[in-house]
Amino acid sequence: MDISEQRPLTLPQVAAAAEVEYATLHSWLKRGLLVASLQTSTGSGMPNLFSLRDALTARVLADLRRAGVDFESLEKASRELHKRRETLSGEEILAVNGRVDLFEADQPIEDLLQEREPAVAYRLSWAREAVESIVET
């Protein structure tokens, strides 16, 4: 599946892909962690619609949260993913260690990860696979 595909997903579909409660994603929308890039709800009958990249972001944030990453770092991760949204392939590595950096999968990140502790290195391909498994069913 091409992660750049503009296939519309609903909030319940994104919640399933991220393995979080619907209410959690709704909260993230209000706080600006997540954006419905295909359509923003303007009331009843006009639901939020998300792209596959939006679902990827939701899954990454959910996995980081489950790993114990603090809210400030989640905000940084969200900003970095949103900033690079148009070019995300789902193969990058997100490094979280006081700051948040996004690397191409073939870039060496060992030096950065050793620079500060603790550190989390997250392969976006894990999130992409989770999103694909939900969308394809």
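Descriptive notes on the structure:
- Residue, surrounded by the most Cβ atoms within 10 Å (Cβ to Cβ), within segment 50-74, restricted to residues that are acidic (Asp, Glu) and touching a residue at least 12 places away in the same chain (Cβ under 8 Å): Asp54
- Residues of segment 20-35 satisfying the condition of being free of Cβ contacts under 8 Å to residues at least 24 places away in the same chain and assigned to a loop (DSSP other than H, G, I, E, B): Glu21
- Residue that is modelled with the highest pLDDT [pool: residues in segment 101-134 that are in contact with a strand residue (DSSP E or B) (Cβ under 7 Å, 6 or more places away or on another chain) and β-branched (Val, Ile, Thr)]: Val120
- Only one of the listed residues (Ala77, Ala17) is without any contact (Cβ under 8 Å) to a residue 60 or more places away in the chain and of a type in the set (A, V, I, L, M). That residue is Ala77.
The values are calculated or read from the model by the stated rules, or taken from the named source; none is laboratory data. Since this is a predicted model, take the numbers as computed values, not measurements. Positions of Cβ are backbone-derived with ideal geometry, glycine not excepted, and every protein chain shown enters the neighbour counts.
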